[in-house]
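**Q** My questions will all concern the structure given below.
The values are calculated or read from the model by the stated rules, or taken from the named source; none is laboratory data. Predicted model, so just to flag it, every value in this text is computed and none were measured. Counting neighbours? That spans all protein chains shown, and the Cβs are built from the backbone with ideal geometry, glycine included. The protein model used for the area step is the full one, side chains on, heavy atoms only, and it has no ligands, DNA or RNA in it. Shrake-Rupley method; radii C 1.70, N 1.55, O 1.52, S 1.80 Å.
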Amino acid sequence: MMKKIKKEDFLDYLKNWGKIVEIEEGIDVKDLFLPKEEIYLVFHKKKDSVEQDEFRNIERKVVFNIPPCYAKSIELLDFNFLREPLDSFYKERRDSILVVVKACRNPHNFCFCTSLGNSPFDRKGDIFIFEKDGYYFAEPLTDRAKEVLAWDKYEDVSQDEFKEVELEKQKVEKEIEKFDIVNLDKKLYSVFNDKIWKELSFRCVNCGACTFHCPVCYCFDIQDVDRTNWGYRERVWDSCMFSIYSYETSGHNPRAERHARMRNRIMHKFAYYPVSYKEYQCVGCGKCVEVCPTGFDIREALLRLKEVVNE
Amino acid sequence: MNNNPYMPFKARLVGTKFESEDRSLKTFEFEIIDDEIKYLPGQFCEVGIYGKGEAPFGIATSPTEGKRLKFTINKAGLVTSFLHESNKGAIFGIRGPLGNYYPVEQFKGHNVLIVGGGFAFTTLRSLLIYLLDHREEYKNIEVIYGAREPGLLMYRDELFEWEKREDLNIHLTVDKEFPGWSGNVGFVPQVLERVAPSSKDTYAVVCGPPVMIKFTLPVLKTLDFKSDRVYTSLEKRMKCGIGKCGRCNIGHVYICKDGPVFSLQELEHLPPDI
Ligand SMILES: Cc1cc2nc3c(=O)[nH]c(=O)nc-3n(C[C@H](O)[C@H](O)[C@H](O)COP(=O)(O)OP(=O)(O)OC[C@H]3O[C@@H](n4cnc5c(N)ncnc54)[C@H](O)[C@@H]3O)c2cc1C
Ligand code: SF4
Ligand code: SF4
Ligand code: FES
């Protein structure tokens with residue numbers, strides 16, 4: 001059911017649910033669920049003992065107006081963080097943030113969501129909305145969305161209006177570059193030792209921007225901060241593109257070489273994730289392409305890999 | 001385990017003992033305060049020093065020895081150096097048990113061959129004591145354990161006790177002749193070749209430095225050990241220890257969560273990213 005609700009009314013309902021956060025970038029969406037820096041344990045050292053407390057800083061929020069791809073990225077993060085053992089920090093954030101997704105009508109040059117089987121009009125998140133003349137056409141998708149407002153009070157969008165959404169969807173989908181990478185996952189294993197990885201990583205400077213900006217990359221580090229008699233333990237974002245990421249104290253590093261790290265990044269997304277969860281760990285948002293200082297383009301990389309696996 | 005897998009149990013250091021003559025290896029004995037960690041041989045814990053960080057270590061005790069946990073730790077970097085300087089009574093945060101364990105259930109009714117080298121003998125000690133404490137459930141137990149020199153063999157008092165036992169064959173070896181050493185001389189793979197244990201009804205567990213593993217596996221192969229009968233324990237840099245932080249993967253597998261114990265057969269299906 002898609003309801004027609006005045007913009008102000010709709011926003012009031014959302015405000016009642018939690019603090020509205022309007023963000024555009026995937027990096028900020030990820031930051032809401034998996035903060036860049038998250039203190040989770042605070043300790044105080046006494047003479048013969050230590051006191052430790054679990055630390056939480058969780059607030060009810062509504063993340064508003066994000067495109068469907070970023071809602072999809074949250075679903076992909078769920079696979080990792082909600083599987084056993086449950087990541088309780090992530091889970092609590094997930095439960096306290098309502099996700100309101102807006103139909104994406106302005107895709108940019110880097111987008112390729114449709115190549116991954118997604119659509120800029122995917123019904124994702126808790127509520128899906130489409131804006132029209134001072135109204136939202138809104139569709140509740142989860143149980144908690146149903147509790148946000150008395151949906152029955154509002155009238156359904158008309159057939160014409162519904163058609164308009166569909167037409168717009170088709171129009172936007174056509175604007176997005178689409179290529180075929182279905183079934184690439186299994187074939188990637190066969191090129192694990194290929195020279196293609198050197199070719200692909202040739203220009204990479206290991207800055208990690210691609211992974212930080214990726215809404216689905218979630219690697220983190222755990223660090224302690226020590227003050228005189230107290231301190232805390234926190235998790236902070238990390239990147240598999242850094243060589244110290246896998247550096248062992250003995251000096252051994254399984255991914256000391258650049259191409260090994262690029263390979264892991266791409267294979268994690270396009271070969272390993274599918275083994276565990278049957279989905280690519282990429283939503284096709286193109287952010288990594290946009291931010292790379294050396295012009296690494298994951299779309300080109302995937303197409304190159306497709307050529308190589310079929311050779 | 002706690003409800004929150006990131007929160008450690010508080011543990012008190014109740015004893016320490018140098019394990020090697022060069023003092024690089026030390027065994028630490030912990031008591032979990034008001035709680036208990038239930039584990040099986042092969043599992044590990046993240047041992048944390050409040051303010052310094054956590055690091056993963058295999059549990060060297062067997063659950064059959066009681067509630068206290070021992071770890072034998074090589075002084076290597078930040079956390080391990082602080083540990084080496086810690087005194088009895090100090091409080092630590094321990095998370096665990098983490099990872100899987102040697103398939104001791106599957107081993108029942110079979111012979112078990114344990115091949116170890118250097119300071120990787122920690123969880124092998126756990127396994128061996130566990131097997132000995134359930135001695136009637138297993139057939140022959142054969143152990144080959146080597147170190148560079150006699151002073152680097154760990155748990156020496158116990159090793160010499162085990163040598164006296166009738167229900168266990170243990171072969172200790174050092175890399176080269178050493179004054180006062182009357183045992184085997186030679187690398188672990190060579191001793192394995194000489195001992196040539198039968199692969200019939202036998203499971204093998206191999207842990208040690210990469211070069212030892214590299215030369216041991218072909219010997220096992222000539223002895224006709226099948227890859228689903230040979231187990232090893234892997235190490236990678238770790239942080240979370242619960243398969244979340246992404247760090248320790250080989251292919252889609254996380255060493256911390258899906259391992260650290262794997263059969264060679266399982267490893268054959270993973271990309272060579274070690
Ligand atoms: C499953 C497992 C069991 C282990 N068992 C033992 C053992 O019984 N005895 C022993 O002495 N050592 C063991 N290690 C290795 C031990 O974890 C490292 O030597 C230790 O992490 C070094 O920490 P550090 O802070 O002193 O070194 P630093 O170089 O200061 O390390 C900083 C951080 O890097 C990470 N790290 C670095 N190297 C490794 C590594 N090889 N493995 C995992 N994490 C690493 C840790 O998170 C550590 O806190 C084991 C490793 C694993 C994975
Ligand atoms: S396009 Fe790049 S940034 Fe976007 S999800 Fe895929 S890998 Fe991540
Ligand atoms: S953003 Fe580009 S240069 Fe930086 S790590 Fe990623 S691929 Fe390499
Ligand atoms: S240590 Fe975090 S995934 Fe293995």
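**Q** If residue A:103 meets every condition in (1) in contact (Cβ under 8 Å) with a residue 24 or more places away in the chain; (2) within 19 Å of residue B:244 (Cα to Cα) apart from one, which number is that one?
**A** Failing condition for residue A:103: (2).
**Q** Still on this model: From the list B:104, B:115, which one is open to solvent by less than 30 Å² (accessible area, probe 1.4 Å) and in contact with a Gly (Cβ under 8 Å, 6 or more places away or on another chain)? Explain how you work it out, then say what you get.
**A** Values: B:104 fails: in contact with a Gly (Cβ under 8 Å, 6 or more places away or on another chain).
Just a single option satisfies the conditions, and that option is B:115.
**Q** Could you say which residue among B:222, B:202 is open to solvent by less than 10 Å² (accessible area, probe 1.4 Å) and more than 14 Å from chain A (Cβ to nearest Cβ)?
**A** Numbers: B:222 fails: open to solvent by less than 10 Å² (accessible area, probe 1.4 Å).
Checking each option against the conditions leaves just B:202.
**Q** Can you find even one residue in region A:66-80 that is over 30 Å from residue B:88 (Cβ atoms) and within 10 Å of chain B (Cβ to nearest Cβ)?
**A** Taking region A:66-80 and keeping what is over 30 Å from residue B:88 (Cβ atoms), we get A:66-80.
Narrowing the set further to residues that are within 10 Å of chain B (Cβ to nearest Cβ) leaves A:80.
Yes, region A:66-80 contains a residue that is over 30 Å from residue B:88 (Cβ atoms) and within 10 Å of chain B (Cβ to nearest Cβ).
**Q** Of all residues in region A:42-64, count the ones that are within 14 Å of another protein chain (Cβ to nearest Cβ) and out of contact with any Phe, Trp or Tyr (no Cβ under 6 Å at 6 or more places or on another chain). Before the answer, list the steps.
**A** Step one: list which residues in region A:42-64 are within 14 Å of another protein chain (Cβ to nearest Cβ), which gives A:42-56, A:58.
Still in the running and out of contact with any Phe, Trp or Tyr (no Cβ under 6 Å at 6 or more places or on another chain): A:45-49, A:51, A:53-54, A:56, A:58.
Count: 10.
**Q** Ok, one more. Considering each of A:89, A:43, A:81, A:55 in turn, give the residue that is outside the structural domain of residue A:280 (by TED's automatic domain parsing), in contact with a strand residue (DSSP E or B) (Cβ under 7 Å, 6 or more places away or on another chain) and at pLDDT 95 or above. Show your work before the answer.
**A** Values: A:89 fails: at pLDDT 95 or above; A:81 fails: in contact with a strand residue (DSSP E or B) (Cβ under 7 Å, 6 or more places away or on another chain); A:55 fails: at pLDDT 95 or above.
Going through A:89, A:43, A:81, A:55 in turn, the sole match is A:43.
**Q** Just one of the numbered conditions (1) more than 21 Å from residue B:69 (Cβ to Cβ); (2) assigned to a helix (DSSP H, G or I) is not true of residue B:126; which one?
**A** (1)
**Q** Based on this model, can you work out whether residue B:245 counts as more than 16 Å from ligand 2 (Cβ to nearest atom) and either in contact (Cβ under 8 Å) with a residue 24 or more places away in the chain or assigned to a strand (DSSP E or B) (or both)? Give the steps one after another, and end with the answer.
**A** Working: more than 16 Å from ligand 2 (Cβ to nearest atom): yes; either in contact (Cβ under 8 Å) with a residue 24 or more places away in the chain or assigned to a strand (DSSP E or B) (or both): no.
Here the answer is no, as residue B:245 does not meet what is asked.
**Q** Give region B:19-36 a look and list any residue that's open to solvent by 80 Å² or more (accessible area, probe 1.4 Å) and away from chain A (no Cβ under 14 Å), or say none.
**A** B:21, B:22, B:23 - these are the residues of region B:19-36 that are open to solvent by 80 Å² or more (accessible area, probe 1.4 Å) and away from chain A (no Cβ under 14 Å).
**Q** Please count how many residues of region B:53-66 are at pLDDT 95 or above and assigned to a loop (DSSP other than H, G, I, E, B).
**A** The total comes to 4.
**Q** Follow-up. Mind checking whether some residue in region A:117-140 is hydroxyl-bearing (Ser, Thr, Tyr) and open to solvent by 20 Å² or more (accessible area, probe 1.4 Å)? Show your work before the answer.
**A** Here is the first cut: in region A:117-140, the ones hydroxyl-bearing (Ser, Thr, Tyr) are A:119, A:135-136.
Of the ones still in play, those that are also open to solvent by 20 Å² or more (accessible area, probe 1.4 Å) are A:135.
So far as region A:117-140 goes, yes, one or more of its residues are hydroxyl-bearing (Ser, Thr, Tyr) and open to solvent by 20 Å² or more (accessible area, probe 1.4 Å).
**Q** In region B:56-76, how many are exposed (fewer than 15 other Cβ atoms within 10 Å of the Cβ) and β-branched (Val, Ile, Thr)?
**A** Total satisfying the criteria: 1.
**Q** Across region A:159-200, what is the total count of residues that are exposed (fewer than 14 other Cβ atoms within 10 Å of the Cβ), within 14 Å of chain B (Cβ to nearest Cβ) and either within 16 Å of ligand 3 (Cβ to nearest atom) or in contact (Cβ under 8 Å) with a residue 60 or more places away in the chain (or both)?
**A** Of the residues in that region, 2 qualify.
**Q** A follow-up question, please. Just to be sure, is residue B:274 surrounded by fewer than 18 Cβ atoms within 10 Å (Cβ to Cβ), closer than 28 Å to residue A:275 by Cα and either of a type outside the set (Asp, Glu) or without any contact (Cβ under 8 Å) to a residue 24 or more places away in the chain (or both)?
**A** Values: surrounded by fewer than 18 Cβ atoms within 10 Å (Cβ to Cβ): yes; closer than 28 Å to residue A:275 by Cα: yes; either of a type outside the set (Asp, Glu) or without any contact (Cβ under 8 Å) to a residue 24 or more places away in the chain (or both): yes.
So residue B:274 fits the description; yes.
**Q** Out of all the residues in region B:77-99, which are among the basic types (Lys, Arg) and open to solvent by 20 Å² or more (accessible area, probe 1.4 Å)? Talk me through it step by step, then tell me what you get.
**A** Taking region B:77-99 as the starting set, the residues that turn out to be among the basic types (Lys, Arg) are B:88, B:95.
B:88, the sole residue that qualifies.
**Q** For residue A:279, work out the one condition from (1) touching a residue at least 60 places away in the same chain (Cβ under 8 Å); (2) at the interface with chain B (Cβ under 7 Å from one of its Cβ atoms) it doesn't fulfil.
**A** Result: residue A:279 fails condition (2) only.
**Q** Which of the residues spanning region B:243-261 are out of contact with any Lys or Arg (no Cβ under 6 Å at 6 or more places or on another chain) and within 9 Å of ligand 1 (Cβ to nearest atom)? Steps first, please.
**A** The initial filter retains those residues of region B:243-261 that are out of contact with any Lys or Arg (no Cβ under 6 Å at 6 or more places or on another chain), namely B:244, B:246, B:249-254, B:256-261.
Within region B:243-261, B:256, B:259, B:260 meet the criteria.
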